[in-house]
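Worksheet: the structure to be examined is printed underneath.
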Amino acid sequence: MKVCVVGSGGREHGLAVALARTAEVVVTPGNPGIPGSVPTPPEELDADLFVIGPEQPLVDGLADRLRAQGKRVLGPGADGARLEGSKTFMKEVVTAADVPTARYGTFTEVEPAVAFLETLPGPYVVKTDGLAAGKGVLVTGSLDEAVADVRDKLSGTSFGDAGRRVVIEEGLTGPEASVFVVCDGERAVALPPAQDYKRVGDGDTGPNTGGMGAWSPFAGCPDDLARVVETRFAEPTLAELRARGIDFRGVLYAGLFLTPDGPKLVEYNVRFGDPDSQVVLLRLTSDLADLLAAAADGDLRRAAPVTASDDTFVLVVAASDGYPVAPRTGDPIEGIKEARAVDGAEVLCAGVAADDAGALVTAGGRVLDVLGRGPDAATARRQAYVALSAVSWPGMHHRRDIAAPVDPEPVDP
Ligand code: AMP
Ligand code: GLY
């Protein structure tokens with residue numbers, strides 16, 4: 001089978017590596033660090049399966065255009081992509097499907113928004129309705145800060161038109177989990193869960209990012225989480241989408257909080273996560289190309305069961321100077337070959353470009369994904385950080401606590 005992956009970041013590199021185990025892979029446009037990258041647009045390529053990585057082309061209807069050409073595509077049409085493109089739509093669908101999620105309200109005017117905030121116990125969560133690359137979310141314990149953020153977003157100052165409608169939510173607590181569910185429009189197959197580290201700084205400090213690291217499996221994950229997400233989240237959501245005439249063949253990414261009352265949905269994305277899916281995809285031992293093709297055909301019944309290595313996979317993102325506020329680009333990247341030589345390590349290229357001499361330079365905020373694997377989390381983590389210590393460029397930074405054991409809760413004597 002020949003598979004065409006659409007996109008250009010670490011997620012697409014991860015997809016390419018996992019798919020290449022059983023298929024021939026091209027990536028468009030890819031990047032100079034991803035083997036098989038071609039500049040030809042997907043509309044002009046021939047492949048047996050097209051897998052669309054990022055959300056923006058899905059929201060813009062790329063899956064619809066490719067299907068209209070008779071191509072076999074994994075990725076929802078523009079109708080299904082609204083689950084990620086509009087938080088209001090997402091909340092409407094999951095409420096109708098009775099999926100466990102946070103209390104919320106949607107607002108375009110400041111006064112009712114503030115009135116709703118005042119009814120919540122806090123923490124407060126203020127989100128832009130439109131796409132803001134994971135950065136349009138404020139989580140705060142301060143009502144004043146939440147009110148100020150609502151004003152900035154609704155006035156268009158902070159996020160332009162994407163902010164002119166806001167969703168306000170009750171803040172959830174507990175560890176977060178990412179579950180990627182492969183969907184054929186009707187049936188759902190969840191992959192093993194992962195955990196993503198969203199804040200830029202150690203100990204979950206500083207601004208939110210697209211994700212600074214991930215691991216799978218992760219400590220504290222309930223054994224039945226994948227199964228629960230299939231039956232309690234994904235299948236009811238697919239049924240509700242079908243009732244609205246939407247045939248969702250793609251990846252439903254459930255962003256969850258593992259609350260004391262069980263898992264609750266924070267968000268749906270309509271694609272694999274970045275970087276959280278990379279640890280899951282590389283962990284798989286079953287045939288990914290075959291699974292995704294079956295979903296694209298609307299017939300997951302024919303796919304072999306998903307299996308994964310018992311090893312732990314740990315991923316640390318190496319980011320450019322200034323990320324996530326103002327990433328600097330064009331810095332020469334050293335040491336990828338040395339990092340790959342570390343036992344159990346893998347390096348995926350996310351935000352990279354080639355300079356005139358063909359050498360790799362930084363071209364985005366999240367530049368490299370450095371992975372380690374091992375029979376336990378401590379070993380995998382050590383291999384990831386040993387590999388990471390081989391790569392460098394001016395101003396490179398990363399978190400030091402990915403997959404680190406969390407101090408146990410203090411116990412009252
Ligand atoms: P989103 O753009 O909805 O993915 O949110 C980005 C991040 O903000 C999430 O991964 C969470 O870390 C945080 N977040 C979003 N919604 C909530 C919520 N209701 N309670 C607590 N944290 C949240
Ligand atoms: N890692 C978060 C995301 O892909 O949205």
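The values are calculated or read from the model by the stated rules, or taken from the named source; none is laboratory data. Values in this document were obtained by computation on a predicted structure and should not be read as measured data. Virtual Cβ from ideal backbone geometry, glycine too; neighbours counted across all protein chains shown. For the accessible areas, the whole protein counts, side chains as well, though only heavy atoms, and no ligand, DNA or RNA atoms are used. Shrake-Rupley method; radii C 1.70, N 1.55, O 1.52, S 1.80 Å.
What does the charge add up to near V306, with Lys and Arg as +1, Asp and Glu as -1, over the other residues with Cβ less than 12 Å from its Cβ?
Working: positive: R227, R283; negative: E230, D287, D290.
Summing Lys/Arg as +1 and Asp/Glu as -1 gives -1.
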Next item on the list: Output ³J(HN,Hα) for segment 366-371: one whole-Hz value per residue in order, computed from phi by the Karplus curve 6.51 cos²θ - 1.76 cosθ + 1.60 with θ = phi - 60°, and x for Gly and Pro.
Entry: 9, 9, 10, 9, 10, 10
Checklist line | Listed peptides 308-317, 383-392 by packing density, highest first (mean Cβ within 10 Å) | finding: 308-317, 383-392
Item checked: Vicinal HN-Hα couplings computed from phi for segment 52-67 (Karplus, 6.51 cos²θ - 1.76 cosθ + 1.60; Hz; Gly/Pro x) -> 9, x, x, 6, 4, x, 5, 4, 7, x, 4, 4, 5, 5, 5, 5
Notebook entry, point to check: Order of 293-306, 50-63 by packing, highest average Cβ count within 10 Å first?
Noted result: 50-63, 293-306
Next item on the list: For segment 14-56 and segment 351-409, compute the distance between their C-alpha centroids and round to whole Å.
Entry: 23
Next item on the list: Calculate the length of the line joining the C-alpha centroid of segment 59-91 to that of segment 286-319, in whole Å.
Entry: 21
Checklist line | By accessible area with a 1.4 Å probe, ligands and nucleic acids excluded, highest first: order of E24, E176, E230, E44 | finding: E44, E24, E176, E230
Item checked: Length added when fully stretched, R244-D299, from 0.36 nm per residue minus Cα-Cα -> 17.8 nm
Next item on the list: Please count, across the chain, the pairs of lysine residues with Cα atoms under 30 Å apart that sit 8 or more places apart or on different chains.
Entry: 24
Notebook entry, point to check: Rounded, prolate or oblate: which one fits segment 256-413, using the alpha carbon gyration tensor with axes a ≥ b ≥ c (rounded when a/c is under 1.5, else prolate when a/b beats b/c, else oblate)?
Noted result: oblate
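What shape does the chain have by the C-alpha gyration tensor, where a ≥ b ≥ c are the square roots of the eigenvalues, rounded means a/c under 1.5, and otherwise prolate means a/b greater than b/c and oblate the rest? The partial results should precede the final answer.
Working: a/c = 1.36, a/b = 1.14, b/c = 1.19.
It is rounded, given that a/c, with a ≥ b ≥ c, falls under 1.5.
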Check: Looking at Y385, F313, G80, which one has the Cα that reaches farthest to the positive end of the dipole of the chain (charges on Cβ: Lys, Arg +1; Asp, Glu -1)?
Finding: G80
Item checked: Virtual spin-label span in nm between D60 and D204, 7 Å along Cα→Cβ -> 3.5
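Rounded to the nearest 5, what is the percent of antiparallel bridges among the DSSP beta bridges in the chain? Walk me through the numbers before you get to the answer.
On the way: 60 of 74 bridges.
Here the antiparallel bridges make up roughly 80 percent for the chain.
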Checklist line | Surface per residue (accessible, 1.4 Å probe) for the chain, Å² | finding: 40
Checklist line | Amide H contacts of V27 (H built 1.01 Å from N, under 5 Å, at least 5 apart or other chain) | finding: V5, S37, V38
Checklist line | Positive dipole terminus of the chain, leading residue within T362, F107, M396 (C-beta point charges) | finding: T362
Next item on the list: Report, to the nearest whole %, how much of the accessible area of the chain belongs to carbon and sulfur atoms, 1.4 Å probe, protein only.
Entry: 50
Checklist line | Label-point gap, in nm, between D310 and T157 - each point 7 angstrom along Cα→Cβ | finding: 5.7
Note to self: Can you compute the helix-only [θ] at 222 nm over the chain? Use -39500 (n - 2.57) per DSSP H run of at least 4 residues, normalise by all residues, nearest 500 deg cm²/dmol.
What the structure shows: -7000 deg cm²/dmol
Item checked: Distant-in-sequence amide H partners of D196 (H built 1.01 Å from N, under 5 Å) -> S178
